[in-house]
Each structure stands twice: as structure tokens, then as C-alpha cells.
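Only one structure is covered here, and it is reproduced in the block below.
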Amino acid sequence: MLVQIDQELCCGAGSCVRTAPEVFDQRDEDGLVLVIDEKPPAHLHDAVREAADICPAAAILLDEQDA
Amino acid sequence: MTTSARTDSGSADRADALAFPAPKSAKCPFDPPPAVDRARAAHPVVRATLWDGTSAWLITEHEHVRQVLGDKRFSAEGTRDGFPYLVAGVRELVRTMKPTFFRQDDPEHARLRRMLTADFMVKRVEAMRPEIQQLTDELLDRMIENGPEADLVADFALPLPSVVICLLLGVPYEDHRFFQERAAALFSLQATAEEVRRSQQELLTYLAGIAERKQREPDGSIISRLVAQGELDFDEIASTGRLLLVAGHETTANMIALSALVLMRNPDQLARLRAEPALVKGAVEELLRYLTIVHNGIPRVAAEDVAVGGVTVRAGEGVLCLVNTANRDERVFPGGDTLDLGRDANRHVAFGFGVHQCLGQPLARAELQIALETLFRRLPGLRPAIPFEDVPFRHDQAIYGLGALPVTW
Ligand code: HEM
């Protein structure tokens, strides 16, 4: 799984940081989201999928094919 | 015919439209109004008539609420024709005053919101936890000292988020009576246009005064930083400050009070929370879902024709996204009319959805988690001091809640 974020879309609500803190963080300057683990281990995939689902701005891009 | 929605082939049937807001049931004051439940059972997109005779579509299902709030073709610009208002005074206000980003679309909305996202981001709020804990304990110390009776709203639920937002903004808490009264007028569905206008104006003048003071005496507060950055003028800083001040205390205060009440009414759930303090995070999500205090819908207006749930919403027509019924959607939350603190409620839309989703949600969560855990830990015998039938629910407010909650322990 490859995790990316579209910062143009991100509204900094922080849902992903709450749902998968091992994978997402927020930038100190403006609170926009950073991916800290682009290729998270398998046990985090469900949490990442949930984060992408509840992202209010649809800013999380998942590539499930990426190995 | 019970369906009140216009399908693609038909036209809106005004005679059939539901009068909105509809009254809640006195027996189940935590549930959406029975008339709304009946209408959504017939069709998920409901034609409604508002107080001023205008119409709006009620969007009642989880999927459609997310679709509409996530779609840029639905505008949050309160100045557009067709934008649904539930209060005359607030509708007048948008004609005369510059809106905040709350009622603007991107890119202007994003530009202004991004000046504040870091202040409310998860790790910043996490760092505030010890301070929020201390404020919570101080309020409870005072309650216990003056006990064993208190008004949980005035003595606990309201002051906690008010003090916190004051500290963040750099507004003196001593002035709380002044701004709480004016905030209440802005949220009242009964307030006259003149009351709303005067409350708004007085709050703006007050906050512009604070901005001027920060220019002379800068500190670490949000208002002080906005002044120092120099990107916004004093009027814009005042209106941003007004938004945060009002949004930052009424909402959380009502959630604390309603949560305390519903937990006292569900002793088995409360016992579970007490036995397992780690449950508090999930419990707060479930309480946000179950109580959904933004109970009259999130307003938008269609900028183009858009199909939603088998209905074509025409350009210029208003919609109200009913997050309270979306949060009871059986397909997403099975058995959703029951409070279940062990449920995974993470997909609730109590904070909205789309780019306007609540900016203050990490703060609201931390306040709720700390307030509820500490309240029931320190006052294990907490119970209402009046019969449930006498609890004053705030039906006539944009934000649902309690006017008072007399308790004893
Ligand atoms: C439990 C408490 C709260 C609830 C249920 C709540 C709910 C909401 C909802 C539903 C929206 C979306 C409105 C829309 O889309 O038109 C919103 C927006 C907003 N909330 Fe909250 N809120 C809460 C607490 C707070 C707090 C503590 C703050 C602190 C400052 C805050 C600040 C804001 C702001 C600034 C917006 C506008 C965001 C935007 O338009 O981009 N809220 N809130």
C-alpha cells in the first residue's frame, strides 16, 4: 500500500492523525497533514483505509496495488 | 401520498412539504423529531418548508450527507439566493456584514482557515491536556466545596470550554457574562433581527478592542498572532475571533451537559465507562453521534443542478444536511437509536463533513474526554436533582442542549 496526501485538498481537521497516528502527522506551521509512513506495514492498513474513508476533504490517496 | 420529495420527473409538491424545524418528542428528547423520521422513511430526501415560507431539501441519509457536504457544487456562501436560514436575524446579518470563512467557499475559505489550523491541530491540543485537566479539577473542587448540589451547566459544562477558548484567543474570561449572553442571542431561533444585529455588533466591537490592545501588548494568543501577522485587518480579526469564541464554547458546553445527563440515564453504560476508563475516547465519539447537537441541519445552496438520492436539486435551491438523522442511519450504525459506548462510531458526521468540517474538533474531543472522565470519577454519586420531565431542553436553539441541569451527589 502506498499512502499519499493532496495538500491542496487537506483542511487540517486531523481525523487521519487520530485514526492512524503511526502514518499521519500535522505540520507545525499550518496544521496540514504529512504522511510519515508512505508504505505502512500490513497491520496498519485497516486504520489507513478508515482514515481515507473519514477524511472530510477526500485528501488521502491510497494505492493498494503498490507492494 | 406520503412521499414529500420531488423526483426527477415531477415537481416539488409544496402542500406535502414538512414544516421544519419539527418538534422533538417529549418522551425521547435525544432522538430526531418523529415527523422527520416518518418523512425519511418514505423518502431519504425530504421537501421542507421553513419558517419564512421558503423551501429546502432535507438530506437525511449518511451517504447523501457526505456526498452533499463533500461536493463543491453545494456552496456554503450565506449571501447566495436560496441559502436556507432558520432565523430571520441571521439572514439579515449576512446582507450587511462581511462573512467569516464559515460561510465562504474555497479558495477564500481555505486561505482564512489555514491561518488557524495549526492552533487546533491534534498535537497542539494534546499538549493542552494538563491545563484542561487542571481547569476541570478546579471547577469540580469549587462545586464540591459548595455542594452537594449544583447546576451542572452553569457551574461546570459552560465555564470549562469558555475558559479554554478565552485562554487560546487571549480574551479575558472575566467578561464571560457579556459574551455568553450575546452568543446565546446569536444561536436563539427566537431572537429578533434587531437582537441578533446588536449582539453581533457588540461582540465585534469588543473583539476589535481586544485586537487593538494586543497590538500594544502582544502575548502568545491567537488574536495577538493574527495582529502581528498583519494579513488581516482589525475588522477581519474581530470577526474571526467572534467565530471562534462563539463556536468554541456553546457547542462543547451543550455536549458536556447532554452527555452527563444521558450517561446518568443509562447506568449500565456509565458503569462500563467507569470500569474501563480507556473506553472514554470511543465513548465520546458515540456520544457525539447519538446526541448530534447540530440538530437542525448544516445549510448549503446548490450552485448547479445536482442529483442526490433520486432527486434533482436545482441550482439556487437550499439543502439542510441532517447530521442527526445521518448519525442514526441503520446501514452505518446498526441499532443506532441505542447508545452503545462500545460501538465504533468513528464514521459519525457530528462535526460535519467536507472542507468545513469542524476546525475545533480535536479541542472539543479533549475537553469532552477530560470533563466526562473526571466528573464521574470525582462525583461517583452524581444524579439529577429534578425529574427528567422537568429538565429544560433547549429546543429553540440552533445548538441543542440544556438550559440548566440541577444535580446532586
Ligand atoms: C462538540 C462540540 C462541537 C461540535 C458538535 C461542532 C460542530 C461543528 C460543525 C457541524 C461544523 C460544520 C459547519 C458547516 O459545515 O457549515 C463546525 C464548524 C466549525 N467549528 Fe465546530 N463544533 C464543536 C466545537 C467547536 C470548537 C471547540 C471550536 C473551537 C474553536 C469550533 C470551531 C469551529 C469552526 C471555526 C468551524 C468552521 C469551520 C469552517 O467553516 O471551515 N467548534 N463545527
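What follows draws every value from the coordinates through simple rules; no lab data is involved. As the structure is a computational prediction, the values presented were derived from the model and not from experiment. Heads up, the Cβs are rebuilt from the backbone with ideal geometry, glycines too, and the neighbour counts pull from every protein chain shown.
So the values come out like this:
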read-out: Between region B:32-109 and region B:261-321, the alpha-carbon center distance in angstrom; value: 15 Å
read-out: Label-to-label distance, nm, for residues given as A:D28 and B:E174 (7 Å Cα→Cβ offset); value: 3.5 nm
read-out: Projected area averaged over orientations for region B:243-346, convex hull of C-alpha atoms, nm²; value: 8.4 nm²
read-out: Charge dipole magnitude, Cβ of K and R +1, D and E -1 - the protein assembly as shown, Cα centre, debye nearest 20; value: 800 debye
read-out: Rg/Rg_globular for chain B, with Rg_globular taken as 2.2 N^0.38 Å and Rg from C-alpha atoms; value: 0.97
read-out: Sites B:K72 and B:A19, calculated FRET efficiency, Cβ-Cβ separation with R0 22 Å, nearest 0.05; value: 0.10
read-out: Hits among lysines - C-alpha to C-alpha of A:K39 under 16 Å, sequence gap 8 or more where chains match; value: none
read-out: Point-charge dipole on Cβ atoms (K/R +1, D/E -1) for region B:277-400, about Cα centre, debye to 20; value: 360 debye
read-out: Total lysine pairs whose alpha carbons fall under 26 Å of each other in region B:18-408 (8 or more apart, or interchain); value: 4
read-out: Average projected area [Cα convex hull, chain A], square nanometres; value: 3.9 nm²
read-out: Within region B:18-408: Cβ-based charge dipole about Cα centre, in debye rounded to nearest 20 (Lys, Arg +1; Asp, Glu -1); value: 620 debye
read-out: CD proxy at 222 nm, helix term only [per DSSP H run n ≥ 4: -39500 (n - 2.57); per residue of the protein assembly as shown; nearest 500]; value: -13000 deg cm²/dmol
read-out: At least 20 Å along the helix axis (C-alpha) and Kyte average at least -0.5, DSSP helices within chain B; value: B:234-265, B:361-378
read-out: Average beta-carbon neighbours from other chains, 10 Å sphere, peptide B:123-132; value: 1
